[in-house]
Amino acid sequence: MKTAKLPESAGRALAQVLFIGFFVFPIIWIFLMSLKNFRDIISYPPKFLFSPTLQNYRETILGAEGTLQAGELPEYVRFLLNSMIISGGAVCLAALLGIPAAYALARGGLPGRKHIAFTFLSFRFAPELMIILPMYLIYTQVGLYDTYAGMILSHQLICLPLVIWIMMSFFQDIPIEIEEAARIDGANILLTLRAVILPISGPGIASAMIIAFIFSWNNLIFGLVLAGPNSRPVTMGILQAMTFDQIKWGLMAAAAMVSAVPGMIAATYLQRHITRGLTMGAVR
Amino acid sequence: MKFDHLQILKSGSWVSAFAGAALLGASAAAVSQDFDWKQQNGSSVNALLVSHQFVEALRPLVPEFEEMTGITVNLDVLAEQAANEKLLADLSSRAGTVDVFMTSPLNNWQYATANWLEPLDEFIDNPALTSPDYDVGDFFQGVLNSNRWTRVPMQGIGEGPLWALPINSESYLLAYRPSVFQELGLEVPETYDELLAIADKLDTGSAEFGLITRFDKFWDLPYLTFGTMLQSYGVEMIDADGNLQICSDASVQATDDFVTLIKTASPEGAGAFTWYEALQGFASGQYALSLNEADLFAPVYQDPEQSEVSDDVGYAPTPLGPDGTRKAGAWIWSMSINAASKNKDAAWLFLSWVTSKDTMIAMNLNGNMNPVRASAWESPDVVAMVNSWGETPGQYSDVTATMAEVAAVRFPPHPELTRMLDRWAQAVQEVYFNGTDARTALCEAQDDIGKMFN
């Protein structure tokens, strides 16, 4: 029996290594690329041994030498800050609006609440290109174009459905008896939500906000059309390494690595919450 | 030498169809000397630009303009495709957020048809808005007039309103590695026949592969690089009688020869090579020859920071076709004003400053190639820089002068032209990737393209 198990587990280990390699190799490759100078990057056959340089990171984070005026932040850093403001703001706003909405949809006796919930979900799967032109026109007319407020609002299309749907299934998981007990003690709906439901919903709220943050962070199209030089997010910053006649691979790799950091931190340290959030309501 | 170059470029047949187009320029000459650059003080201009050496050359000069005029300039620089998407969003919604933008005659055939562009003649003719030293006659007239169009599909290029001003121009050439050719005892080919004859020998020396050329699946293939070969084989998309020539005998011959060349001398997968592979591949020293690539890659090849071949590169004109003809495609980056702009006068002041003699020369020296004004080729600094490029002094200048003589936009102006050429490129791709018979593939493409005219 034991002899039969060994090759099986060895096979499984090998499969796991291959599997991990499949997902991790692109990241490692981009990381290596970010440490190469341009000539090493374009050399053929590809070089695995090279003298690493931090020049790409230096140029990404500190800006190319001699191109900055005093007190001016490098373009990439500005884009990074923009993304933090936009995605951070969008997630906070989505939580503020989405949590009460999710609670109402989960517990309230609203007629047609399934349709309402589905409408929110449809924001997620309707192609953004469908609404981007009308939004651009409206934004330029009311002065929301190229502002943080405008970007945060547009990102509600990404964040709000995620928050509402994750929180809705989370609230539905909470035994109704807890709420009934609160009611018997004389709490109204708002107090029940604030003092009873929210404290036990920490993991759900955290995972909803993290997932919404990652989706918002990775969005390109709103940043392309609705943002200008003042509020452009970091996804556009990575594209800036493409010039007319060449791609500055090293800079692009460094920019991609830096901008992946928040998502990686979120995914590693908060993994437990995320899987809990993703499977929430899956088995009932 | 310099003089010859200048004469050729001045009379150059960039757009052969309208050599006789009327010159402008004289009208602006008799104006008072104190032009009011401050007239739009306090306003601002949004410029949407494509990431290009032009922008890097322009950026450091902008504060000068801002100080002189009191106009604030917001440069918005994006990768080409992102810039095009954003521009389309702005133009088509008529939001007018973008005042001035980088474009080209080909793109402008679409934009002008939709009334999205502001004609520039009135600005040039208005002495209150155009500095007396602007001298529009100093532009190479062929280059300038490629931005004129009557907006009648299939005709009238070079006539009618001026929709844009040129900021640089590009044609095509051979770049080669002198050391490799010497090592193999080969001559740089002067005809496509000679090139075909040596194609299988090119990778037998120190170069990994024989040749590289841009060969992607989009309109630029029959328009620019392979287009240069097609035209030298006597192929134009439409003949004088208005018949499509896409599957003519000459076109089939050129396509077969092209695919044979690539299959013989390029690495696997060469059918997907874009600018990036072409430029970086040759600069990395993997190739013996770069076929019909943009002449303005030269500043990169010559720069030891970006290139392995900076001390081992030569230039030659594109090969001659079967009957000794040489023709070439042309690309002219230009700038236009958005018809929906709310700051057109300020936008014009910016555009006219960008395309003025002094600004242009300063940018040419900083990598914005090739010059579109005669005065730039007269500038000793520009001449000295360009003369240092190539295997022998002056080689690059001689080659670009030769190519300028034969470079032209030989396509019918039509708003759907890029879509038609995409279809053409697809046929060439089928021949390369699937081994489809060239005549079959090209005739199918011709049928499809014929339908797009209706």
Order the peptides B:222-229, A:123-130, A:196-203 from the highest to the lowest mean number of other Cβ atoms within 10 Å of their residues. B:222-229, A:196-203, A:123-130
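Could you order peptides B:47-58, A:172-183 by the average number of other Cβ atoms within 10 Å of their residues, highest first? Please list the in-between numbers first.
Values: B:47-58: 21.4, A:172-183: 13.1.
Top to bottom by mean Cβ count within 10 Å: B:47-58, A:172-183.
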From other protein chains only, count the Cβ atoms within 10 Å of every residue's Cβ in A:229-238, then give the mean. 1
Of B:Gly185, B:Thr113, B:Thr150, which is farthest along the charge dipole of region B:104-236 in the positive direction, counting Lys and Arg as +1 and Asp and Glu as -1 at C-beta? B:Thr113
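Give the peptides B:85-95, B:396-406 in descending order of average Cβ contacts within 10 Å, highest first. Spell out each step's value before the answer.
On the way: B:85-95: 19.9, B:396-406: 23.2.
Highest to lowest by the protection proxy: B:396-406, B:85-95.
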Averaging sequence separations of C-alpha pairs under 8 Å and six or more residues apart, then dividing by the length of region A:2-62, give the relative contact order as a whole percent. 26
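What FRET efficiency do you get for A:Leu121 and B:Asn74 if R0 is 30 Å and r is their Cβ-Cβ distance, rounded to the nearest 0.05? Don't jump to the answer; show the numbers that get you there.
Details: r = 38 Å, r/R0 = 1.28.
So the FRET efficiency works out to roughly 0.20.
Using R₀ = 22 Å, calculate the FRET efficiency as 1/(1 + (r/R₀)^6) where r is the Cβ-Cβ separation of A:Ala195 and A:Ile85; round to 0.05.
Working: r = 32 Å, r/R0 = 1.44.
The value I calculate is 0.10.
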Viscosity 0.692 mPa s, temperature 37 °C: give me the Stokes-Einstein translational D for chain A in µm²/s, with Rh taken as the Kirkwood radius over C-alpha pairs. 149
Pick out, in residue order, every one of the GluC sites (Glu not before Pro) in region B:275-365 that is DSSP loop and has at most 10 other C-beta atoms within 10 Å; say none if there are none. B:Glu305
Take the alpha carbon atoms of region B:224-245, find their center, do the same for region B:338-374, and report the distance between the two centers in whole angstrom. 32
Given chain B reduced to its alpha-carbon atoms as identical point scatterers, what log10 I(q)/I(0) does the Debye formula return at q = 0.12, 0.14 Å⁻¹? -1.03, -1.37
Please give the charge dipole size of region A:93-182, origin at the Cα centre, charges +1 on K and R Cβ atoms and -1 on D and E Cβ atoms. Round to the nearest 20 debye. 240
Computed over chain B, the relative contact order (Cα-Cα under 8 Å, seq sep at least six) in percent reads 26
Leading residue at positive end of dipole, chain B (Cβ point charges), from B:Pro267, B:Ser248, B:Ser307: B:Ser248
Can you give the percent of C-alpha pairs in the protein assembly as shown whose distance is more than 44 Å? 35
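About the Cα centre, and with charges only on the beta carbon of Lys, Arg (+1) and Asp, Glu (-1), how big is the dipole of chain B? Nearest 20 debye, please.
Numbers: 24 positive and 61 negative charges, 215 e Å.
Roughly 1040 debye for chain B.
If the limit is 23 Å between Cα atoms, which of A:Lys47/A:Lys248; B:Lys327/B:Lys357; A:Lys248/B:Lys263; B:Lys38/B:Lys342; B:Lys201/B:Lys263 go over it? Intermediate values should be presented prior to the final figure.
Working: A:Lys47/A:Lys248 17 Å; B:Lys327/B:Lys357 29 Å; A:Lys248/B:Lys263 29 Å; B:Lys38/B:Lys342 18 Å; B:Lys201/B:Lys263 13 Å.
Pairs exceeding the cut-off: B:Lys327/B:Lys357; A:Lys248/B:Lys263.
Given a Förster radius of 25 Å and the C-beta distance between A:Leu49 and B:Asp312 as r, what FRET efficiency does 1/(1 + (r/R0)^6) yield to the nearest 0.05? Show your work: numbers first, answer last.
Numbers: r = 25 Å, r/R0 = 1.00.
Efficiency, rounded to the nearest 0.05: 0.50.
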Positive dipole terminus of region A:2-62, leading residue within A:Ser51, A:Gly21, A:Ser34 (C-beta point charges): A:Gly21
If you take every residue apart from A:His155 with its C-beta less than 13 Å away from the C-beta of A:His155, what net charge results, scoring Lys and Arg +1 and Asp and Glu -1? 0
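Just want to confirm a number: the relative contact order over region A:75-279, from Cα pairs under 8 angstrom separated by 6+ residues, in percent.
Details: 221 pairs, mean separation 65.8, N = 205.
That works out to 32 percent.
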Looking only at A:Pro100, A:Pro233, A:Pro134, which one moves most when chain A is put into a Gaussian network model with springs between Cα atoms under 10 Å? A:Pro134
So how long is each side of region A:2-62 along the principal axes, counting just the alpha-carbon atoms, biggest first, in Å? 57, 27, 15
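For chain B, what does the helix formula give at 222 nm: sum of -39500 (n - 2.57) over DSSP H segments with n ≥ 4, over the residue count, nearest 500 deg cm²/dmol?
Helices in chain B give a 222 nm mean residue ellipticity of -12000 deg cm²/dmol.
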Go through region B:118-130 residue by residue and turn each phi into a ³J(HN,Hα) via Karplus (6.51, -1.76, 1.60, θ = phi - 60°); whole Hz please, and just put x for glycine and proline. 8, x, 9, 4, 4, 5, 4, 7, 9, x, 6, 10, 10
What residues have an amide H closer than 5 Å to that of B:Thr355, excluding those fewer than 5 places away on the same chain, when H is modeled at 1.01 Å from N in the peptide plane? none
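Averaged across B:77-86, how many Cβ atoms of other chains sit within 10 Å of each residue's Cβ atom? If you can, show how the numbers build up before the last one.
Details: counts 4, 6, 9, 4, 3, 8, 3, 0, 5, 7.
That average works out to 5.
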For q = 0.17, 0.18, 0.20 Å⁻¹, Debye-computed log10 I/I(0) when each Cα of region B:160-257 counts as one equal scatterer: -0.93, -0.99, -1.11
As straight-line cross-link partners of B:Lys451, the qualifying aspartates and glutamates (C-alpha separation under 16 Å, not fewer than 8 residues apart within one chain) are B:Glu416, B:Asp422
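Hey, got the dipole for region A:42-152? About the Cα centre, +1 on K and R Cβ, -1 on D and E Cβ, debye to the nearest 20? Don't jump to the answer; show the numbers that get you there.
Values: 7 positive and 6 negative charges, 140 e Å.
The calculation lands at about 680 debye.
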10 Å Cβ neighbours from other chains, averaged over peptide B:89-96: 5
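Values in this text are rule-based calculations from the coordinates and carry no lab data. Computed from a predicted structure; not experimentally measured. Don't worry about glycine lacking a Cβ; one is built from the backbone with ideal geometry, like all the others, and counts go over all protein chains shown.
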